[in-house]
Amino acid sequence: MDTALKIAFATTDMEYVNQHFGSARSFAVYAVDMENSELMEAAQFGELAQDGNEDKLSVKIQLLEGCAAVYCQAIGASAVNQLIGKGIQPVKVHEGSKIKDLIADLQNELKAGPSSWLAKAINKQKSPDPNRFDQMENEGWDE
């Protein structure tokens, strides 16, 4: 799954997205491509209150580095800004959202043509074309 995207889900039971980002006790991190998904990591944080303490966010955001998105039930503005600053798209979902259904929706979107945030995540993952400078030189580009 070399081209898979890393996607995180705020969950306590590994089945449903059932946590607020800031007070999430655990995350399930999956590798997802058009056809497959694979659990890569399950991270536990213990009991955290929704108390406005920004320090607890840095550990979570650090864990999510390299993820294209994190799915949660709710998220505060500060966390949204920090995640977007790291290139991680926060996605709010309804109570009762099943992780397997969200993965299936994401895979269908990948097949049908990704939305703007998903396309950005895919492009970010691709390495630059090694011939891009040759192409610019052929077009007459000069520094």
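From the residues in segment 74-114 that are within 19 Å of Ser37 (Cα to Cα) and among the small types (Gly, Ala, Ser), which one is farthest from the chain's Cα centre (by Cα)?
My answer is Ala112.
Mind listing whichever residues of segment 14-41 are open to solvent by 60 Å² or more (accessible area, probe 1.4 Å), hydrophobic (A, V, I, L, M, F, W, C) and part of a loop (DSSP other than H, G, I, E, B)?
Met14, Met34
Taking segment 80-104 only, how many residues are touching a helix residue (DSSP H, G or I) at 6+ places or on another chain (Cβ under 9 Å) and part of a loop (DSSP other than H, G, I, E, B)?
So the answer is 4.
Name the single residue that is farthest from Phe27 (Cα to Cα) among those in segment 99-113 being open to solvent by 70 Å² or more (accessible area, probe 1.4 Å) and not small (Gly, Ala, Ser).
Lys111
For segment 82-98, which residues satisfy the criterion of being within 13 Å of Ser58 (Cβ to Cβ) and open to solvent by 30 Å² or more (accessible area, probe 1.4 Å)?
Gln82, Gly85, Lys86
Mind checking whether some residue in segment 43-59 is at pLDDT 95 or above, open to solvent by less than 50 Å² (accessible area, probe 1.4 Å) and among the aliphatic types (A, V, I, L, M)?
Within segment 43-59, not a single residue is at pLDDT 95 or above, open to solvent by less than 50 Å² (accessible area, probe 1.4 Å) and among the aliphatic types (A, V, I, L, M).
Take Ser37 and tell me if it is modelled with pLDDT under 90 and of a type in the set (Gly, Ala, Ser).
So Ser37 does not fit the description; no.
The values are calculated or read from the model by the stated rules, or taken from the named source; none is laboratory data. Predicted model only: the values in this text are computed from it and were never measured. Note that we place each Cβ from the backbone using ideal geometry, even for glycine, and neighbour counts take in every protein chain shown. The accessibility values were calculated without ligands, DNA or RNA, using every heavy atom of the protein model including side chains. Shrake-Rupley method; radii C 1.70, N 1.55, O 1.52, S 1.80 Å.
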